[in-house]
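Data first, discussion second: the structure below is written as structure tokens.
Each value in this text was obtained by applying a stated rule to the coordinates, not by laboratory testing. Model, not experiment: these values are computed from the prediction. Note that we place each Cβ from the backbone using ideal geometry, even for glycine, and neighbour counts take in every protein chain shown.
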Amino acid sequence: MDQQTAEQKKVIFSGIQPSGMLTIGNYLGSLKNWGRLQQDYDCLYCVVDLHAITVRQDPATLRKRTYETLALYMACGLDPEKNTLFVQSHVPAHAELAWVLNCFTMFGELSRMTQFKDKSKKYSSNVNAGLFTYPVLMAADILLYQADVVPVGMDQMQHIEITRDIAGRFNQVYGETFRIPEGVLPKAGAKVMSLAEPEKKMSKSDSNGNASVYILDDRDTVIRKFRRAVTDSGSEVRRAEGKDGINNLMTIYAAFTGKTDAEIEAEFAGRGYGDFKSAVGETVADALSPVRERFGQLTADKAYLESVMKDGASRASYLARKTLTKVYRKVGFTQPK
Ligand code: TYM
């Protein structure tokens, strides 16, 4: 593929919706792992604002969060010189390819998407067509850049599967056009659960502020939220079926420290849940404090953020246009010189 000729590096693509304050679920499921990949891969990370409007957004807030999400990418260690960081609506090829791929995606397969089913219940007064075709736009995001690897949390794996199906179907009709991407989960933290209802996923759109720990929460807030985390009535720090709250705290602690379950169980043997919750809170607060600090510096310089956005969009557009041109030619669109 063209974009691989220079150094033969594999291509990584991923994205986050600027639809709320990012949580430690987003951090562990995606951001924390992205920084490590920048040496060995050609990485593109997108702020997916087109996806965000499948749910009503306040325009001023959406704009602000778009800048903030980009700043968080960098605050979490993504260097804009080594990665292509950009905003989805700045590269029109995403919407253009999505239209073509819509014509290669079946109503039945979109109807089976868990996220669509969940969101159409949650936003029952606004079950719009965009919510339904959301995975097709996501397929366009990934396939435009001929991505090999898509690092995501567990909840996005079904969307990667449908992306593979759509790409395979198109390739079958028109010959090799898209590389078939692979979804990759983090070792720990692929599914971080809510602190208030640990049988539910932690989500940036949860209306209960205590359910989610935000990456930008201050130290005291992080510690307080973990102290209040819902657990069972036991006291032994041990992973076990039915102990959703403790299992989740162990997952979070493991993801931040790199410790195994056995090491965590040994560390807290005989110490009870209270001690454990405080330790998790402090560990998370310590890890996030430099991110918060860098975020503050970055958001103070809007002109710099805009220059990163512009540069990223121009690099992404160049690559995206190559794939789109090929697709347009294959399906039979005229392309006057
Ligand atoms: P979004 O914005 O909901 O979430 C961004 C990333 O965070 C992961 N994540 C979690 N991981 C672990 N535990 C959690 N509780 C948790 N919550 C969220 C998500 O899995 C995701 O990796 N549709 C995508 C955005 C997207 C995209 C793409 C991703 C659009 N196009 C192309 C990859 C490739 C989304 O809504 O993510």
Exercise. Sort T105, T334, T163, T299 so the one with the fewest other Cβ atoms within 10 Å of its own Cβ comes first.
Key: T334, T299, T105, T163
Quiz item: Which of S124, S235 comes first, and how do the rest follow, when ranked by fewest Cβ neighbours within 10 Å?
Solution: S124, S235
Quiz item: GluC sites (Glu not before Pro) within the range 171-221: which are DSSP loop residues with at most 15 other Cβ atoms inside 10 Å?
Solution: E176, E199
Quiz item: Which trypsin sites (Lys or Arg not before Pro) does the range 39-81 hold that lie in a coil by DSSP with at most 13 other beta carbons within 10 Å?
Solution: R56
Practice problem: Please give every one of the lysines within straight-line cross-link reach of K9, meaning a C-alpha to C-alpha distance under 20 Å, and leave out same-chain neighbours fewer than 8 residues apart. | Solution: K82, K322
Quiz prompt | Most mobile listed residue (R271, R315, R179) in the chain, GNM with C-alpha springs under 10 Å | solution = R271
Quiz item: When the distances between all Cα atoms of the chain are binned every 20 Å from zero, what whole-number percent does each bin get?
Solution: 30, 56, 14, 0
Exercise. Could you give the C-alpha radius of gyration of the range 197-337 expressed as a fraction of 2.2 N^0.38 Å, taking N as the number of residues it contains?
Key: 1.58
Practice problem: Before anything else, pin down the relative contact order of the range 114-175: Cα pairs under 8 Å, at least 6 apart, normalised by residue count, whole percent. | Solution: 34
Practice problem: Please compute the Cα-Cα pair-distance distribution of the range 219-296 with 5 Å bins starting at 0, giving whole percents from short to long. | Solution: 3, 16, 27, 26, 15, 7, 4, 2, 0
Quiz item: Too long at a 21 Å Cα-Cα cut-off: which of K10/K191; K10/K32; K117/K200; K119/K310; K64/K310; K200/K243?
Solution: K10/K191; K119/K310
Quiz item: Hey, with R₀ at 30 Å, roughly what FRET efficiency would K330 and K9 work out to, going by the Cβ-Cβ distance, to 0.05?
Solution: 0.70
Self-check item: GNM flexibility winner over the chain from D218, D232, D165 (Cα, springs under 10 Å)
Solution: D232
Quiz item: What is the chain's relative contact order, in percent, from Cα pairs under 8 angstrom and six or more apart in sequence?
Solution: 22
Practice problem: Let me have the relative contact order for the range 193-318, percent, based on Cα pairs under 8 Å that are six or more residues apart. | Solution: 24
